[in-house]
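Take a look at the structure below.
The values are calculated or read from the model by the stated rules, or taken from the named source; none is laboratory data. Keep in mind the model is a prediction, meaning the values are calculated, not measured. All Cβ positions, even for glycine, are placed from backbone atoms using ideal geometry, and neighbour counts span all protein chains on display. Just the protein is used for accessible areas: all its heavy atoms, side chains included, with ligands, DNA and RNA removed. Shrake-Rupley method; radii C 1.70, N 1.55, O 1.52, S 1.80 Å.
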Amino acid sequence: MDYVALRVELDHLGDQETDRLAAEAARYDIDIDDLPTEMAVDRIRIVVSTLLALLIRRLGPEPDQPSQLWGLLRRPIESRSGDVGVLDEETRVTFVWDQQARRDSKHAIAAMVQTGQAIAEMRRGAVLRWSSDRRGWTSSDQPTIVILTALPLEYEAVRRYLPGTVIRSVHPAGTVFEIAAIAEPWRLALSFVGRGGYGTAVYAERAIAAFAPSAVLFVGIAGALREDLRLGDVVIGTHVHPFQIGREEDGGFKPQPRTWAASAALVQQANQVLQDGAWRSGLSSTGARAPRAVLAPLAAGEIVLNAKKSPSARVLREQYSDAAAVEMESAGLAAAVERNPLVHALPIRGLSDYADGNKDLTDRDGRNQPRAAEHAASFAYALVQAIVTAGAKL
């Protein structure tokens, strides 16, 4: 089989253009660096660069008029293997072929144009495949559920549920996702975002842009605010109260209450998981009693709350008395989702302390945080399975 290789030399792209193409590729769930594509056209096998396909899509020649693409090159290429064609002042494309491939090169150009057009027609979250039988490109939806975590122990608790082969994917800005197939065509993407709402907002936005996910779940631990809850219980956040928004005056802090409502569809699914109770079946340790899950609001701020009489504790009691737990990241999740109204999101938190001044002592036990993270991860994965079983978009 003869080969035609068309590739873009990134060294000859300006930084701005490279970043723009990387962002564009991310919209289609394509990793520019790691996804070469092969296809057969007549007697030739063409190895194409995704980056070149994106460039061709932008340039826009028609499949039946490959000469338009030839015309874009600023110097002849009908000569020896390895000649360089120039697409613009900063972009070079290298064509590598033997004599037979050169005679059929217009087929290769036409195939590249078809590749670019197929990418243009893709929706985010879809997968592009070359079909030898149909001799063309096909794309299919690959719905994705994203789980974000703030602490390493939370990440480890969720990662244990990733089935089969796990693929590591790096966002153009550096965010790492671990991706696993759950049930055809569904997949689960997991990422570590660190503590705090500001970072969470950034990473959640990146995940939404990269995967166009069917759901985004934030899974982790929290401090209990209700006396009827016990360590190891799980709070599914129906609402998020960013409790540190307000106005500071000489008389003290005056909160300006705002509330974000989680996805009603995900809350309904979570309630079914809660009623079923099977999410507890695989837990390694449940403590003195089996944990329970509750649907309730969460309070979120940029502090670790470990006091009963502090100004923040007073604000929570007086202004957000319905909050069942307090944590640091869900306000960032809410900020990202508010700007992406079609995205469904839900925070899920296992209770590891009581936010009452004794957090250090409770954490020193060494069992409460891992157990809370395990319980939250178990509920989250049960919810993932429920979403997949439903089989429809939320």
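What are the residues in the range 232-263 that are loosely packed, with under 12 Cβ neighbours inside 10 Å and within 27 Å of the chain's Cα centre (by Cα), if any?
Scanning the range 232-263 gives no hits.
ARG314 passes every criterion in (1) open to solvent by less than 40 Å² (accessible area, probe 1.4 Å); (2) not in a loop (DSSP other than H, G, I, E, B) apart from (1). Do any residues in the range 249-278 that are free of Cβ contacts under 8 Å to residues at least 24 places away in the same chain have Cβ atoms under 6 Å from those of residues that are open to solvent by 80 Å² or more (accessible area, probe 1.4 Å) and in a strand (DSSP E or B), where the two are at least six apart or on different chains, and which pairs are they? Qualifying pairs under 6 Å: LYS254/ARG247.
Of everything in the range 296-319, what is touching a residue at least 12 places away in the same chain (Cβ under 8 Å) and of a type in the set (Ser, Thr, Tyr)? Give them in sequence order. Give the steps one after another, and end with the answer.
As a first pass, look at the range 296-319 and keep what is touching a residue at least 12 places away in the same chain (Cβ under 8 Å): 296-308, 311-313, 315-316, 319.
Answer for the range 296-319, where residues must be touching a residue at least 12 places away in the same chain (Cβ under 8 Å) and of a type in the set (Ser, Thr, Tyr): just SER312.
Screening THR200 on (1) in a helix (DSSP H, G or I); (2) farther than 28 Å from LYS359 by Cα; (3) within 22 Å of the chain's Cα centre (by Cα) shows it passes everything except condition (2). Does the range 351-362 contain at least one residue that is open to solvent by 10 Å² or more (accessible area, probe 1.4 Å) and of a type in the set (Gly, Ala, Ser)? Yes, the conditions are met somewhere in the range 351-362. Checked against the criterion of being among the acidic types (Asp, Glu), open to solvent by 10 Å² or more (accessible area, probe 1.4 Å) and free of Cβ contacts under 8 Å to residues at least 12 places away in the same chain, the candidates GLU227, GLU178 yield just one match: GLU227. Flag: ALA334 does not match the condition of being touching a residue at least 40 places away in the same chain (Cβ under 8 Å), open to solvent by less than 10 Å² (accessible area, probe 1.4 Å), over 19 Å from the mean Cα position of the chain (by Cα) and closer than 26 Å to PHE192 by Cα. Taking the stated definitions as given, is ARG371 free of Cβ contacts under 8 Å to residues at least 40 places away in the same chain, outside any loop (DSSP other than H, G, I, E, B) and not aromatic (Phe, Trp, Tyr)? It is false that ARG371 is free of Cβ contacts under 8 Å to residues at least 40 places away in the same chain, outside any loop (DSSP other than H, G, I, E, B) and not aromatic (Phe, Trp, Tyr).
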